[in-house]
Every structure is written in structure tokens, then in C-alpha cells.
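Chemist: This is the structure I have questions about; it appears just below.
We did not get these values from a lab; they are worked out from the coordinates using the rules stated. Worth saying up front: this structure is predicted, and the values here are computed from it rather than measured. Every residue, glycine as well, gets a Cβ built from its backbone with ideal geometry; the counts of neighbours run over all protein chains shown.
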């Protein structure tokens, strides 16, 4: 029996390798004892009911690996996503979920021993706390050991975007420990000093960390053993919750209002919808579809009527955030997972030995990929050759719906206005020819003199 | 003294909580927490001062 390569940090719980419908975790003796206590007291059931923790079961039918005491199972979510792929509101909701869970655990003499953002996944557009191994017994009057990590993984990235308008995703992607608070401090000074929580959670913490980094081993032990009453820990958690709930993204978005401001003729938009709807019906739907350049999700919602999981990706974090918040409380939230993803630079494999966090293509096998109104951005805007765009459209799925947008189209012209390069070979005939070389054209439609749609089979 | 007041914690497990982030929690934790942090601070500070006063030469590095 082997372990999942991304699960090695926690000595008390490890995810077992395998791709079945359930995720299996091995628990140490300590973790198994806590699990049994919380299960017996009905705490886990209550947390599951309130959406604070993924549903789980003890699996006594599974033999625990040597040296481990018990096996837990939890349903495998359809798609794994990472904090650097989330929009502001997604990271914020994951932070609030973590704090709400921590508050509840504190009242049951338990705690979260880590506050990694990777503990949370999204099931559609709903955050789910999946790392059952993060639960631990709360030792007496201990402060929250994971407070520092919470600051780096959640609070600092959110503050950076809220207070400085700087999107957090590139920084998060650059450091798998999030944005260390001590790095945020100089970014917020001096004008950010008066914003909520900055003086304490950022400046004071950065100063204390500087002052204590050369403490002796004895002094460190003494600090670790310093008592803090449970009520004070709970107050800190409540204070963090109020602070985070009040943050709003200060980043600007070029595309979040595209849906209202684009120059698309309504009849052409309706023909496009009908084409995608027909394509879904013809293919009979399925388990998973990807929508590249999803913007605010118009076509993702259509896909969600036919596919169990729709990964709606866009490079513009503002557009993704808008889609995410618009899904709250809707039925489609169960199926649509919005992600910040640039087709020019999809998430690579990351972390220890390059296997800890998976590259995008390793995380799902879509049956249909949509690339609508994307081609001019990639080919005209970023210089991707036409043949490579088609290879990209067909690389992950057996079927793809692709839209060709000619250089004369008003949206393409807007992109080209400041460019002097020409694009020989970028035309509808070449597109049709290259597409037919790569697959079978199952259906096609002209939306306008400058736009055409193809349904391709690999 | 702090050793007497404090209960050793096992909940920190494998995430390394920096001393700074623990001290901050104590400070945010209200009067009792501030007192604990001050005591720690004072103890550190006074031992540092007494070392300075004793003027013991630091051991030379053996590298």
C-alpha cells in the first residue's frame, strides 16, 4: 500500500494512493483516538451537517497500513483546485470556512493543527474542508499553533488585494506557503497602516518575528508553552473572522463587465448558444467539461445542464470572481467550478519533487472543451500559431467546440489597434483546413462574416 | 515561572508556529495574554542585560 505523493507532511494522517470514488486516509493512534471521540460525541456529524467538514466514515473493512491505526474514507471531489487558482471571494470563503471550523472545534476541546489553504477544495462553487487529518486535540491552554500559517495562506494575500489592489494569485503561485506576513509588511507601509488589522496582524507580527528570530532554544520552548485561555483563542478567531469578512477586492478587472459591454449582436449570440446546446445534446453530455475563457460563465451554465462538472477557467480574476459570487445559492453551484487560469500559462506541477501539486492536465479528463472567443487573444494577442491553437483545443478532450474570430472582427481589431505585427496565414480558410487535418468536423456554423464555430472530434 | 504557568502543548504538531506569531496571539488575547507576553519579554530582556553586564567574552567560533 502506498501513499499519495502530496501527502507526507502530517505524521498523524496520510492519504493513500489510488483513484477510487473515495479518498482513503490512514490515521495514527492519536488521530484515531480523537476521531473516535468526536464521532462518538456526534461532533463530526454536526460539522458535516453544517457544511464545515467533508463527510467521512471509519473504514474498519480496510486494513490500516503497518504502523497506522485506522482508515478513514471521504468522497473524492470531482476536481482538485489550488489557492493560486481561486478568485478573491473564493480564498475569502475558504478562509472563513477554516475559521468557522476552528471556532467549532475549540468548543469541543479540539483544534486545527494547521491552517493550510490546501485543506480546502471546491466542490463546484462550494468550499469544502477536506483535510480530516488537520483536526487535533487541543492541549490545555495552548494558543492556536496554526495562526501564523493562517496569516500567510489567507490573511496576507487577501489584504494585499483588498488594501493595495494587487491580485494575490501570482504571489501565491510563486510560494507554496502563500504570502508570508513579513513580506506583506513593507508592501503595505506606510499608507496601509491604518487599514483594518494591519497594525496588529501584519506590522506587529512582522516586528515580533524579526525580534524573536534569534531566540535561544529555551526561550522558544518557553514561548511555545505560554498559556492562553480558550476564550482568548476563540476571541482571536472571531476577530479574524470579522476582519476577513469585511475585506473586498481592490483589484480592477478588464473583463468582469464584458458580458454587458461587448458589441455582440444578440442574434449571433443566440446562434452561438444554440450551437453549443446542440453540441452538448449530440455528445450526450457526460462527467466533465472545460470552458476556456469562460468569462462570467454564460456558456459554462449551459454546459452544466449536460455535464456533471464544468471547470470554468479565465485568466481574468475579476471575471472569475463575478462568476463565483453569481453562483452562490444556485443549482449550478454544484456543477460549475470557476478557476483563475491563463491558457498561456496553466498551473504547472509544483512542490516537493514536482508531485505535490499537480499540473492542470493531470487533474481531470474533460470529455468536451470549449474555446469560445479565445483564439484572437492567443493567436493575435500572444502570437500562438493557428495550428498550435487547434492542438491545444483538442489536447485534453475527445471533442472541442472552437470559435474562429477573423482579424477584421471588431474585438480582434481592438486587440490589434496598438500592434504593428501582421499575422499571415490567420484566416478562416486556414483555420478550417488545419482543423480538418487534426480531427473530424462534426458540425459548423457561421455566426457572422468574421466568426465561425466548429465542433471537432479528435 | 512561565514553565510553571504553562501547559506544554502537543497541538503544534508539524506546523512550525513562529515565536512571533505566538507572542502576537498573547498580546491580542487580552490582559492575561499581555501579562504573559510581558513576563516573557522581561525575562529575555533581563537575561540579555545581565549577560552584557557580566561582560563574558563570547566563545570564539571553532570554524
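Chemist: Can you tell me what share of the DSSP beta bridges in the protein assembly as shown is antiparallel? A percent to the nearest 5 is fine.
Modeler: Values: 34 of 53 bridges.
Close to 65 percent.
Chemist: Here is a follow-up. Between 0 and 90 degrees, rounded to the nearest ten: what's the tilt of helix A:230-245 against the longest Cα principal axis of chain A?
Modeler: 20 degrees
Chemist: With just the Cα atoms defining each centre, how far is region A:188-250 from region A:1-64? Give it in Å.
Modeler: 31 Å
Chemist: What order, most packed first, do the peptides A:338-345, A:68-75, A:429-436 have when packing is the mean number of other Cβ atoms within 10 Å of each residue?
Modeler: A:338-345, A:68-75, A:429-436
Chemist: At R0 = 35 Å, how high is the FRET efficiency between residue A:408 and residue A:278 if r is their beta carbon distance? Nearest 0.05 is fine. Display every interim value, and only then the final one.
Modeler: On the way: r = 27 Å, r/R0 = 0.76.
It comes to 0.85.
Chemist: Now for a separate question. Over chain A, what is the mean sequence separation of C-alpha contacts under 8 Å (at least six apart), divided by residue count, expressed as relative contact order in percent? Write out the running numbers ahead of the final one.
Modeler: On the way: 771 pairs, mean separation 55.9, N = 458.
Relative contact order for chain A comes out at 12 percent.
Chemist: Is there a simple number for the mean count of other chain Cβ atoms within 10 Å of the Cβ of residues in A:208-216, and what is it? If you can, show how the numbers build up before the last one.
Modeler: Details: counts 11, 6, 1, 5, 9, 3, 0, 5, 2.
Mean inter-chain Cβ contacts per residue within 10 Å come to 5.
Chemist: Nearest 0.05, what FRET efficiency do residue A:269 and residue A:48 give at R0 = 35 Å with Cβ-Cβ as r?
Modeler: Working: r = 42 Å, r/R0 = 1.20.
Given R0 = 35 Å and the Cβ-Cβ separation, E is 0.25.
Chemist: I need to check one value: relative contact order of region A:95-139, counting alpha carbon pairs closer than 8 Å and at least 6 residues apart, in percent. Can you show the working numbers first?
Modeler: Working: 44 pairs, mean separation 18.8, N = 45.
With pairs under 8 Å counted, the relative contact order is 42 percent.
Chemist: Can you pull the one-decimal nm distance between simple spin-label points at residue A:363 and residue A:200, each 7 Å off the Cα toward Cβ?
Modeler: Output for this residue pair reads 3.4 nm.
Chemist: Right, something else. Largest first and to the nearest Å, give the Cα extent of the protein assembly as shown along each principal axis.
Modeler: Sorted largest first, the three principal extents are 86, 58, 49 Å.
Chemist: For labels at residue A:6 and residue A:61 in the simple 7 Å Cα→Cβ model, what's the distance in nm?
Modeler: It is 2.7 nm.
Chemist: Continuing with the same structure: Arranged from highest to lowest average of other beta-carbon atoms within 10 Å per residue, in what order do the peptides A:11-18, A:82-89, A:373-380, A:46-53 appear? Don't skip to the answer; put the middle values down first.
Modeler: On the way: A:11-18: 18.5, A:82-89: 24.8, A:373-380: 22.6, A:46-53: 16.5.
Result, highest mean first: A:82-89, A:373-380, A:11-18, A:46-53.
Chemist: Can you compute the FRET efficiency between residue A:109 and residue A:254 using 1/(1 + (r/R0)^6), with r the Cβ-Cβ distance and R0 = 51 Å? Round to the nearest 0.05. The partial results should precede the final answer.
Modeler: Numbers: r = 49 Å, r/R0 = 0.97.
Step by step, r from the Cβ atoms, then E = 0.55.
Chemist: Neighbouring Cβ atoms within 10 Å as the yardstick, rank A:144, A:292 fewest first. Working shown, then result.
Modeler: Values: A:144 28, A:292 25.
Neighbour counts put them in this order, fewest first: A:292, A:144.
Chemist: Please report the spacing between the Cα centers of region A:283-361 and region A:84-116 in Å, no decimals.
Modeler: So the separation of the two Cα centres works out to 22 Å.
Chemist: Would you kindly work out the equivalent ellipsoid of region A:313-365 from its C-alpha gyration tensor and give its semi-axes, the square roots of five times the eigenvalues, largest first in whole Å?
Modeler: 25, 13, 9
Chemist: Moving to a separate point now. Report the full-extension gain for the segment residue A:183 to residue A:436: residue separation times 0.36 nm, less the Cα-Cα distance, to one decimal in nm. Could the numbers behind the result be given before it?
Modeler: Details: separation 253, 0.36 × 253 = 91.08 nm, distance 5.13 nm.
Gain on stretching residue A:183 to residue A:436: 85.9 nm.
Chemist: Only Cα pairs under 8 Å and at least 6 apart count here; give the relative contact order of region A:363-426 as a rounded whole percent. If you can, show how the numbers build up before the last one.
Modeler: On the way: 67 pairs, mean separation 26.4, N = 64.
Over region A:363-426, the number comes to 41 percent.
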